[in-house]
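Following: one structure in structure tokens, then a few remarks.
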Amino acid sequence: MRAVEFQEYGGPEVLRIVEADVPEPRAGQVTIDTAYVGVNFADLKARTEGYRVRSLPFRPGLEVSGRVRAVGAGVEGLRAGQDVVALVDSGAYAEVVLAEAATVFPLPEGLDPRTAATLPTVLPTAHALLHEVGRLRAGESVLVHGAAGGVGTATGQLARAAGAGAVYGVVSSPGKADHALKHGYDEVFLADTFAEDVRRATGGRGVDLVLDPVGGDTLRRGLEALAAFGRLVSFGNASGAEPWQAGQPELYPYGRSVAGFSILGLAQSAPEALRSLTERAFRKATDGTVSLPVTAEFPLTEAAEAHRLMGGRTSTGKLLLRARD
Ligand SMILES: NC(=O)c1ccc[n+]([C@@H]2O[C@H](COP(=O)([O-])OP(=O)(O)OC[C@H]3O[C@@H](n4cnc5c(N)ncnc54)[C@H](OP(=O)(O)O)[C@@H]3O)[C@@H](O)[C@H]2O)c1
């Protein structure tokens, strides 16, 4: 089978197509004949700086749709030939993917494999950021960084559907604002000026919830943009800056709080919680609350092109890789 791997860190050109053995499932695992693979920013972070890479060569890829090929011992509720989607901790850039059965889900009702491949990472993440971790209440305002990207596109729609009082987005360039405005956002700010824009838009009050995948200075300015009792959820470090550490001036006088979320961390530490979160989140796709537009699709063998597009910071919505020619 064909797979895409890298042997060294670097630009998209380090992604290589390799011939690999078809994996066999061990106890508690299944293999999946891949239909589509979703591209995530974490795949680029793995390639450039070794994010969650345990050893080289490394095969990226966190989410896949396809058909169960083989079922390992002790797996219940999944059978060969069944259409499924899965979250995996790596290795989805391949024609056959090995997955832990705990993070394999029947193809959500009414969705095709192409649409379903956009969901396993982004939608549960967006749901957790707003609800399980961010504890958004109807009428509250929320500010979402990376508003036009995969997670951002889902989050805008979920926040609107949850009755948020105002849904503000942040993007790096004006060209991305239109996309966000079509996916639940009331107003979209540019990254350079978002803190001032929030003050203006909220009459100086600030927002109730900030969702931050950037870190560094953006996280610090996000804290300042919070209203009294506001919450910030950190869920990434796209800036590559040193992690922020809690200090008195930012939190105590306003009763602000900071929380964190990692879907891969949750899959490892609390698979049952991840499973019920994913089922709740998928219902938001099957009932039509959320749709994730696929804005570009590439053959698996052209994964480097998908990385170029996302790395160039012009992509919106979801990018997919197609496993079959
Ligand atoms: N914690 C979790 O469980 C979890 C799960 C999924 C995703 N994430 C994080 O959520 C974010 C979005 O992921 P995605 O896969 O949906 O990707 P995406 O949003 O489709 O594309 C990458 C995003 O990163 C932003 N970006 C790129 N380089 C940046 C930089 N140097 N500084 C600041 N922002 C930068 C871009 O926004 P602009 O160009 O508009 O700034 C763009 O929205 C990523 O940071 C990812 O690591 C976290």
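Readers should treat all values here as calculations from the given coordinates under stated rules, not as data from a laboratory. Remember, predicted model here, so these are calculated numbers, not experimental data. No Cβ is skipped: glycine too gets one built from the backbone with ideal geometry, and neighbour counts run over all protein chains shown.
Beta-bridge orientation, the chain: approximately 55 percent antiparallel, per DSSP, counting only bridges with both partners inside.
When the Cα gyration tensor is reduced to axis lengths a ≥ b ≥ c, the ratio a/c stays below 1.5 for region 122-263, which is therefore classed as rounded. Take every Cα pair under 8 Å whose residues are at least 6 apart in sequence, average their separation, divide by the length of the chain, and the relative contact order is 18 percent.
Using per-residue counts of other Cβ atoms within 10 Å, averaged over each peptide, order 264-273, 19-28, 38-47 from highest down.
On the way: 264-273: 14.4, 19-28: 12.9, 38-47: 23.1.
Ranked from most to least packed, the peptides come out as 38-47, 264-273, 19-28.
Working note: 222 nm ellipticity from helices only, DSSP H runs with n ≥ 4, each -39,500 (n - 2.57), summed and divided by the residues of the chain, gives -7500 deg cm²/dmol to the nearest 500.
Extension gain, ASP178 to GLU76, is 32.3 nm, computed as 0.36 nm per intervening residue step minus the present C-alpha separation.
Sort out for me the Cα centre separation of region 109-139 from region 162-237, rounded to whole Å. Using only Cα atoms to place each centre, the spacing works out to 19 Å. In terms of overall dimensions, the chain has a Cα radius of gyration and Dmax of 19.4, 60 angstrom.
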